[in-house]
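Structure, as structure tokens:
The values are calculated or read from the model by the stated rules, or taken from the named source; none is laboratory data. Since the model is a prediction, treat every value here as computed from it, not as a measurement. Cβ placement follows ideal geometry from the backbone for every residue including glycine, while neighbour counts extend to all protein chains displayed. Ligands, DNA and RNA are stripped out before the accessible areas are found, and what is left, the full protein with its side chains, is counted by its heavy atoms. Shrake-Rupley method; radii C 1.70, N 1.55, O 1.52, S 1.80 Å.
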Amino acid sequence: MDFEHRTSSSQDRGRTTGLQLHQRIVSAPVDFGAIRSEFGLASEYPSEAVSEARDAVDAFAGTRVDRTDIEFVTIDPPSALDLDQALHIERTPTGFTLHYAIADLGAVIVPGSALAAEAEVRGQTFYLPDGNVPLHPTVLSEGTASLLPGVDRPAALWTIELDNDAVPLSFSVTRALVRSRERFDYAQVQAAADAATLHPSLIALPEFGRLRIEAGFEQGAISLRLPAQEVVSAGDGWRLQLEPRTDADDWNEQVSLLTGMCAARIMVEHKGIGLLRTMPPPPGSAIESMRRTAAALGVEWPAEVPVGRMLAGLDANTPAALVLMSEATGLLRGASYTLLAELDDPSPEQLTHSAIGAPYAHVTAPLRRLADRFTTEICLAYSAGAEVPQWVVDGLKSAAETMRRTDAVANKVDRACVDLTEATVLAPRVGTEFTAVVLREANGSRGAEIFVADPPILGRCDGAPPEGRTVPVQLTVADPDTRTITFAFTAARPH
């Protein structure tokens, strides 16, 4: 993957850069129906499954720990209603206590039911600019199972105790009854942090987040702050913009990452049933190639500094940073779902997600991702000293295969939506000159790769513009039917 791109409804937050842009609002009518048809995205849920979702009851209602005393809050995009997570974090004399409540889908979806069968086909929620194709019926995912404020909800409650450096000392998960008090979006949390008026449940979040980010660098994590394209509604049409990213996004992300790492440790330590999200380490040749690129761009990169820390120290407003971060996407390839039962004597590399620098599992988004319902049940069982439910044992391999298949589709859908919008918005501007940063120079028959900031476009460029420079380019092709755009280098000398 090159640039991160997200449609306006996406909940899986992307990364963006600090580029300061004053973009003109350029919009056009776009029909995303053809993309739905092309990728076979079902819009209607089977009636039997909808009825089961409407009538769903908590199978563990009588055995839950009542933790409605904890003042949970949620942090999500403004329009989101499928609220998977609610958090409460506090500073203690010896560190931090994190409570993280995750919607308990395993308690309300009956194994073998029509609802379970349809979810196992869909795999995950697909996000398009004009509406979602949900994993579960919205009566469940945006209603009775969503951690909406002011109502009691069944949850898988993670309790993580950390030291003063935000290193986890102990962690467990149990079924609980919770109640969220407030619903915030990222901009609200950032504004409150800047004004020192954070909700009491979030006062410790900035310090926790900064410490966890630093811990990630220490274990080799790689985080890219590339421009994230998103398609948003603009009156009667659609436009492209860079997805805003705040420090609050990063702090909140660290809560989910930490929980996923704790979940992975539980499964790995029990050496039995488990499903990890893994990524192989980048080849040494790729790192060496990046070092050569950095040297050519005049970026200082001491030998002892790992790639993740080097990238984090770059000024994301500069062409050199865009070039290096774009090249670094080549380090983050091969993400997959790994079944522990299929590994006889796994090496650390087989268990690790290299972009995180540790074993990791998806457990925090069961309303939107099939795998999380299975992994949460595994962690609940191991934490309670119980047997993993048979429906999990029987269905885990199929769930992993479904996630691999639908991840590939989701990426293609995201890209198709952005490509279609790019081509449609730019179609009237063929022949126009733009200013672009050259991310990768031309290589053989492959044209150069460029980034145009206004509107935010990632595209191919004919000619031989020099890497890492800001150059004039002319738009030569913008074809909505093929979803393609092409630029041409229009000057012998770069700016």
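Taking the convex hull of the Cα atoms, report for segment 156-309 its projected area averaged over all directions, in nm².
Hull-based average projected area comes out at 14.7 nm².
Just reorder 393, 438 by solvent-accessible area, largest first, 1.4 Å probe, all chains present.
Working: 393 60, 438 0 Å².
Largest accessible area first, the list is 393, 438.
Taking the inverse of the average 1/r across all pairs of different Cα atoms in segment 385-495, what Kirkwood radius in Å do you get? Intermediate results must be reported in sequence, preceding the final value.
Values: mean 1/r = 0.0613 Å⁻¹.
For segment 385-495, inverting the mean 1/r across all distinct Cα pairs yields 16.3 Å.
In square nanometres and to one decimal, what's the mean projected area of the convex hull around the Cα atoms of the chain?
23.9 nm²
Using helices alone, what [θ] at 222 nm do you get for the chain, with -39,500 (n - 2.57) per DSSP H run of 4 or more residues, divided over all residues and rounded to the nearest 500? The partial results should precede the final answer.
On the way: 12 runs with 156 residues, N = 495.
Computed mean residue ellipticity for the chain: -10000 deg cm²/dmol.
Measuring with a 1.4 Å probe in the full set of protein chains, what accessible area per residue, in whole Å², belongs to segment 369-436?
Values: 2570 Å² over 68 residues.
In whole numbers, segment 369-436 has 38 Å² accessible per residue.
Please calculate how many Å² of accessible area segment 116-270 carries per residue, with a 1.4 Å probe and no DNA, RNA or ligand atoms counted. Present the calculation step by step, with values, prior to reporting the outcome.
On the way: 5660 Å² over 155 residues.
That works out to 37 Å² for each residue.
Rank by packing, highest mean first: peptides 47-53, 193-199, 403-409, 151-157, with packing defined as the count of other Cβ atoms within 10 Å averaged across residues.
151-157, 47-53, 403-409, 193-199
Taking the Cα centroid of segment 396-463 and of segment 334-360, what is the distance between the two, rounded to the nearest whole Å?
When both Cα centres are located, 29 Å separates them.
Restricting to the chain, compute how many DSSP beta bridges are antiparallel as a %, nearest 5.
Approximately 85 percent, going by the DSSP bridge assignments.
Kindly provide the trypsin sites (Lys or Arg not before Pro) of segment 414-450 that DSSP labels as loop, not H, G, I, E or B, and whose Cβ sees at most 10 other Cβ atoms within 10 Å.
Nothing satisfies the criteria.
In a Debye calculation with equal point scatterers on the alpha-carbon sites of segment 272-370 and no solvent, what is log10 I(q)/I(0) at q = 0.15, 0.16, 0.17, 0.18 Å⁻¹?
Listed by q, the Debye log ratios stand at -0.71, -0.77, -0.83, -0.88.
By how many degrees, 0 to 90 and rounded to 10, does the Cα axis of helix 319-328 deviate from the longest principal axis of the chain?
It is inclined by approximately 50 degrees.
So what's the gap between the Cα centers of segment 104-127 and segment 227-293, to the nearest angstrom?
Cα centroid to Cα centroid, the span is 24 Å.
Where the Cα atoms of segment 102-222 are projected onto their three principal axes, how long is each span, largest first, in whole Å?
Principal-axis extents of the Cα atoms in segment 102-222, largest first: 47, 32, 31 Å.
Please report, as a whole percent, how much of the solvent-accessible surface of the chain comes from carbon and sulfur atoms (probe radius 1.4 Å).
50 percent
If packing is taken as the average number of other Cβ atoms within 10 Å across a peptide's residues, how do 318-331, 108-121, 357-370 rank, most packed first?
Ranking, from highest mean packing down: 357-370, 318-331, 108-121.
Using a 1.4 Å probe on the protein heavy atoms only, what accessible surface does residue 270 show? Give it in Å² to the nearest 10.
Residue 270 exposes around 90 Å² with every protein chain in place.
At 7 Å along Cα-to-Cβ for each site, give me the label-to-label distance between residue 61 and residue 236 in nm.
Rounded to a tenth, the inter-label distance reads 5.1 nm.
Note the angle between two axes, namely the Cα long axis of helix 390-426 and the longest principal axis of the Cα atoms of the chain, as a number of degrees from 0 to 90, rounded to the nearest 10.
Value to nearest ten degrees: 30.
Suppose the Debye formula is applied to equal point scatterers at every Cα of segment 187-257; what is log10 I(q)/I(0) at q = 0.16 Å⁻¹?
With one equal scatterer per Cα and no solvent, log10 I(q)/I(0) is -0.70.
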